[in-house]
Protein chains: 2
Amino acid sequence: MHRLALALAAASLPTFAFAQAAGPQTPATLEASADAALTDDVLAWDFVEGITTEVGPRQAGTEAEKRGRDWAVAWLNANGFANVADEPFEMDTWVRGTETAEIVSPYPQPFHVAALGTSASTGNRGITAEVVEFDSVAALQAAPEGSLKGKIAYISNNMTPTQDGSQYGFAGPARWVGAGIAASKGAVASVIKSVGTDYHRNPHVGGTSFPEGVKPIPAGALSNPDAANLERMFDRAGDTPITMKLVLTPRDLGTTTSGNVVGEIVGRDPSLPPVLVACHIDSWDLGTGAIDDGAGCGIVAAAAKHAAAAGQPLRTIRVLMAGAEETGLWGSEAYSKAHIDEPIAVGLESDFGADRIWKFESNFAKSNPDLHKRIAAAVARFGVSTGTGVATGGADINIVRDQNGAIIDLSQDGTRYFDLHHTPDDTLDKIDPEQLRQNVAVWTQVVGLLANEPGPIKGQ
Amino acid sequence: MHRLALALAAASLPTFAFAQAAGPQTPATLEASADAALTDDVLAWDFVEGITTEVGPRQAGTEAEKRGRDWAVAWLNANGFANVADEPFEMDTWVRGTETAEIVSPYPQPFHVAALGTSASTGNRGITAEVVEFDSVAALQAAPEGSLKGKIAYISNNMTPTQDGSQYGFAGPARWVGAGIAASKGAVASVIKSVGTDYHRNPHVGGTSFPEGVKPIPAGALSNPDAANLERMFDRAGDTPITMKLVLTPRDLGTTTSGNVVGEIVGRDPSLPPVLVACHIDSWDLGTGAIDDGAGCGIVAAAAKHAAAAGQPLRTIRVLMAGAEETGLWGSEAYSKAHIDEPIAVGLESDFGADRIWKFESNFAKSNPDLHKRIAAAVARFGVSTGTGVATGGADINIVRDQNGAIIDLSQDGTRYFDLHHTPDDTLDKIDPEQLRQNVAVWTQVVGLLANEPGPIKGQ
């Protein structure tokens with residue numbers, strides 16, 4: 001705690017430096033504050049640098065996440081947020097163990113594998129079985145019942161980089177439901193090609209799930225170079241079976257405690273519903289949670305500070321750094337349950353890396369076209385266009401959806417997000433400080449505008 | 001062996017397809033053969049795809065290297081090479097064990113580490129000690145004797161990408177001699193920033209060595225993102241010591257057998273000294289030996305075949321796929337020792353990835369300017385310039401240096417080579433087939449020209 005306190009004292013310097021850069025005392029207007037953030041913000045970087053360096057991985061429900069929450073609480077306090085708290089909730093926690101994969105025959109060599117969340121264990125001796133390839137979830141679904149008895153199912157569907165991240169919906173099901181389908185057809189284990197767009201020996205982890213009544217099986221993801229190698233083996237092996245030995249020894253810890261970290265910039269009229277800006281404080285365990293989602297927490301917290309730099313806002317800005325997002329939105333659900341009776345004016349989330357914001361959408365373009373247009377006009381100078389879709393919000397603002405409230409989506413460029421997502425490579429060096437500052441500037445502009453809006457944001 | 005034979009039967013198809021592409025039967029000239037290779041070669045790809053898929057990692061002196069040599073022997077035979085053999089030699093063999101690193105305090109989190117070749121073991125319980133940072137080998141050398149007693153030395157020097165790979169000479173000493181210097185000053189272990197230019201969680205391994213009389217200590221390389229994180233920790237920790245727990249359990253296997261794989265295109269006059277084209281068949285253990293050096297073996301073997309496609313060459317072309325290069329040029333030394341009395345006309349090696357050749361140099365520009373100029377003119381159409389330096393040859397042509405013979409260097413673009421060098425990421429997907437074909441075309445041209453040269457190649 002001594003070192004932490006020291007580092008946090010240093011962390012307050014950037015705010016000071018920013019305030020200086022913006023003018024002798026404070027920026028004259030919200031616009032000036034947002035413009036200053038574009039070139040001078042160091043607060044978002046300080047958050048993500050600090051938490052990845054001083055804490056690192058923060059898996060949901062573990063002591064590492066607790067250290068992350070403690071760190072965030074201290075950082076928010078050191079940076080002048082009010083009403084900072086860590087609101088506890090309970091959850092089911094799973095942690096990985098040993099994980100190895102190797103081809104036993106006909107082409108023996110080791111592969112890189114990682115277990116998917118809720119995977120069963122192979123036991124220490126592992127499972128050695130023939131691998132059967134399916135090129136899609138649909139192909140796996142079409143396999144006859146019982147046809148995978150004693151086999152390891154492999155799903156090879158590819159993911160292509162997309163700016164809007166929409167290929168996650170295309171490629172993701174292999175991870176989300178593949179193991180469950182394989183189990184239901186008698187497979188002893190399953191492995192998938194990583195749901196990711198890079199070619200490094202770093203598997204992409206993430207949760208999987210098993211249908212009611214289906215006993216979980218060991219489920220892993222191969223790195224994409226290993227998956228490509230396995231597919232070449234199928235091409236070369238002809239009718240000769242390919243046998244893999246898989247060792248995955250994760251275990252369930254049962255119920256543990258996580259928490260949602262909150263902090264506020266208190267508005268001039270605290271009776272008005274607040275603006276909720278969200279991110280998640282937990283991360284998958286293999287990386288350090290830089291782009292997912294240390295950056296998001298840095299962005300929303302920095303924007304809240306900068307939005308208030310030109311003067312106390314009308315409404316309270318509430319920062320929610322949700323716990324346990326990665327393993328099933330436990331924090332988002334707990335927050336909604338605890339606070340459902342406290343109306344939120346509008347919710348926004350940052351959880352898609354740290355690259356440039358390119359699109360703005362809301363769910364009130366029709367119900368409050370004036371505000372929608374004012375926001376669109378205000379962010380245009382940062383190169384942000386207005387989309388034609390309806391914002392649905394991120395994972396951690398369940399409360400806003402549950403309240404049928406106003407939502408804004410600020411879309412980040414996700415072209416390289418799935419190179420890193422849920423891998424050991426989710427580290428600070430992947431963050432481009434210039435693009436991070438553009439995020440903070442856009443967020444500052446939008447949050448400040450919302451926090452000073454007197455009328456109902458979603459309209460009547 | 002059944003699968004291998006089948007795959008090798010398939011592997012002979014590319015040659016056939018190439019011969020077809022080049023004309024009704026055979027290319028009319030060496031130039032036509034080289035030009036055809038530029039667009040149509042699939043033989044080099046077939047070699048590197050085959051060995052990385054069917055064998056994978058091939059660490060020197062292990063059974064995996066033996067499988068690699070067997071595979072290469074079968075491939076050379078299947079592709080019509082003569083006098084194919086695996087010439088055995090003995091060597092000292094070291095293999096890695098468990099390897100983990102974690103910061104214990106003040107910022108606990110796991111790091112990615114891998115042991116350097118000849119590293120001592122920490123024992124299963126590991127070593128927990130304070131880390132002391134040095135920004136260069138020179139700084140480490142300047143540390144007072146005994147000042148590192150009980151400490152882990154960390155060397156943080158950076159490597160910058162260079163087209164000619166010359167930064168390896170600048171950054172490499174941290175790996176080559178850092179551990180030995182640290183040991184001589186009392187350190188209990190050493191870790192270095194990876195000698196590499198990428199930012200993935202894949203440590204770059206490679207050999208290290210300890211001076212006579214200095215007892216080896218455990219020596220590891222951190223991945224570059226982890227090294228950057230450690231340096232941020234030093235920045236944040238002030239005077240608080242940074243403590244690392246390091247577990248590295250490699251072991252020496254003692255003397256084992258490796259071998260040099262050779263094969264020939266027999267020339268019309270076998271009494272003339274042959275053209276020696278070399279690569280190495282072993283690889284470091286973490287990757288699959290694609291760019292280092294499966295590609296090199298594919299290039300030289302394909303070039304030998306294509307050079308002979310326009311007609312049997314005057315001189316024999318001898319392919320040397322050396323064993324055990326990575327752990328100390330054992331194969332190169334053994335080959336020279338065994339064959340020192342058999343004059344080599346000229347030696348060339350491919351061992352720097354698979355990217356484009358951009359420069360030609362020889363060591364006979366002055367002694368045989370006519371031939372030097374003819375080669376320079378012949379490769380210009382492939383975008384290859386002629387350098388002003390004197391070729392010194394690659395690691396596996398010791399015999400040529402020992403004979404004071406003619407040497408040619410065909411420099412490949414190494415800009416991205418050290419992103420991958422000695423990492424788990426040395427996999428087939430990193431090879432660009434178009435650049436690989438340019439390599440084969442240039443090599444075909446040069447090897448064919450040399451193999452049809454009647455006079456002494458180094459000149460009088």
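Between B:Asp402 and A:Lys149, take the C-beta separation as r, use R0 = 60 Å, and let me know the FRET efficiency to the nearest 0.05.
0.45
Mind listing the label-point distances from A:Pro211 to the same position on all other copies, shortest first, one decimal in nm, points 7 Å along Cα→Cβ?
6.9
How far, in nm to one decimal, is A:Gly123 from itself in the other copies if the label point is set 7 angstrom along Cα toward Cβ? Shortest first, please.
Nearest first, the other copies' label points are 3.4 nm away.
So how strong a dipole does chain A carry about its Cα centre when Lys and Arg Cβ are +1 and Asp and Glu Cβ are -1, to the nearest 20 debye?
About 340 debye.
Sequence gap of 8 or more, or different chains, plus Cα separation below 26 Å: how many lysine pairs satisfy both in chain A?
Going through chain A pair by pair, I get 28.
Hey, got the average number of other protein chain Cβ atoms within 10 angstrom for residues in B:417-430?
Per-residue shielding by partner chains comes out at 3.
Can you list which of the trypsin sites (Lys or Arg not before Pro) found in the range B:289-385 are DSSP loop residues with at most 15 other C-beta atoms within 10 Å?
Sparse-neighbourhood loop trypsin sites (Lys or Arg not before Pro): B:Lys366.
Provide Rg and Dmax in Å for the range B:97-249, with only Cα atoms included in the calculation.
Values for the range B:97-249 (Cα only, Rg and Dmax): 14.1, 42 Å.
Determine how many Å³ per residue the convex hull of the Cα atoms of the range B:222-312 encloses.
182 Å³
To the nearest 0.05, what FRET efficiency results for B:Lys373 and B:Asp70 with a Förster distance of 56 Å applied to their C-beta separation?
Efficiency computed from Cβ-Cβ geometry: 0.85.
Could you tell me whether the range B:368-434 comes out rounded, prolate or oblate from its Cα gyration tensor? Rule is a ≥ b ≥ c as square roots of the eigenvalues, rounded for a/c under 1.5, then prolate if a/b exceeds b/c, otherwise oblate.
It comes out oblate by the Cα gyration axes.
Rounded to whole Å and sorted largest first, what semi-axes of the equivalent ellipsoid does the C-alpha gyration tensor of the protein assembly as shown yield via the square root of 5 times each eigenvalue?
Values for the protein assembly as shown, descending: 54, 30, 28 Å.
Counting Lys and Arg as +1 and Asp and Glu as -1, each charge on the Cβ, what is the dipole of the protein assembly as shown about the Cα centre in debye, to the nearest 20?
Computed charge dipole of the protein assembly as shown: roughly 100 debye.
Give me the inter-chain shielding for B:233-243: mean count of other chain Cβ atoms within 10 Å, whole number please.
The mean count of partner-chain Cβ atoms within 10 Å per residue comes to 3.
Could you give the length gained by full extension between A:Thr388 and A:Asp432, i.e. 0.36 nm per residue of separation minus their alpha carbon distance, to one decimal place?
That works out to 13.0 nm of additional length.
What is the local net charge at B:Gly353, summed over the other residues whose Cβ is closer than 9 Å to its Cβ (Lys, Arg +1; Asp, Glu -1)?
So the surrounding residues net to -3.
What does the average come to when, for each residue of peptide B:48-54, you count the partner chain Cβ atoms lying within 10 Å of its Cβ?
Mean number of neighbouring Cβ atoms from other chains: 5.
How big is the gap, in Å, between the Cα center of the range A:260-281 and the Cα center of the range B:121-157?
With the range A:260-281 and the range B:121-157 each reduced to a Cα centre, they are spaced 47 Å.
Please work out the FRET efficiency for the pair A:Ala338 and A:Ser105, using the Cβ-Cβ distance as r and a Förster radius of 60 Å; give the result to the nearest 0.05.
The computed FRET efficiency comes out at 0.65.
Looking at chain A from every direction and averaging, what is the projected area of its Cα convex hull in nm²?
If I average the Cα hull's projected area over directions, I get 21.8 nm².
Taking H placed 1.01 Å from N in the peptide plane, check which residues at least 5 places from B:Phe134 or on another chain put their amide H under 5 Å from its amide H.
B:Tyr154, B:Ile155, B:Ser156
Distances in nm, one decimal, shortest first, from B:Thr162 to the same residue in every other copy, taking the label point 7 angstrom along Cα→Cβ.
4.4
I'd like to know which of A:Phe134, A:Thr122, A:Gly169 lies farthest towards the positive end of the charge dipole of the range A:97-249, counting +1 on Cβ of Lys and Arg and -1 on Cβ of Asp and Glu.
A:Thr122
What is the minimum Cβ-to-axis distance for chain B, in whole Å, where the axis maps B onto A, and to which residue does it belong?
Axis-proximal residue of B, distance in whole Å: B:His200, 3.
Could you please rank B:Val131, B:Val275, B:Val390, A:Val400, placing first whichever residue has the fewest other Cβ atoms within 10 Å of its Cβ?
In order of increasing Cβ crowding within 10 Å: B:Val390, B:Val131, A:Val400, B:Val275.
With the contact rule set at Cα under 8 Å and sequence spacing of 6 or more, what percent relative contact order holds for the range B:53-129?
For the range B:53-129, the relative contact order is 18 percent.
Tell me, what is the percent relative contact order of chain B, built from C-alpha pairs under 8 Å that lie six or more residues apart?
Relative contact order for chain B comes out at 22 percent.
Treating only the Cβ atoms of Lys and Arg (+1) and Asp and Glu (-1) as charged, compute the dipole magnitude of the range A:97-249 about its Cα centre; round to the nearest 20 debye.
Dipole about the Cα centre, nearest 20: 340 debye.
Throughout, read-outs are computed from the coordinates displayed, never taken from laboratory work. The structure displayed is predicted, hence computed values, not measured ones. Every residue, glycine among them, receives a Cβ derived from its backbone with ideal geometry; neighbour counts consider all protein chains shown.
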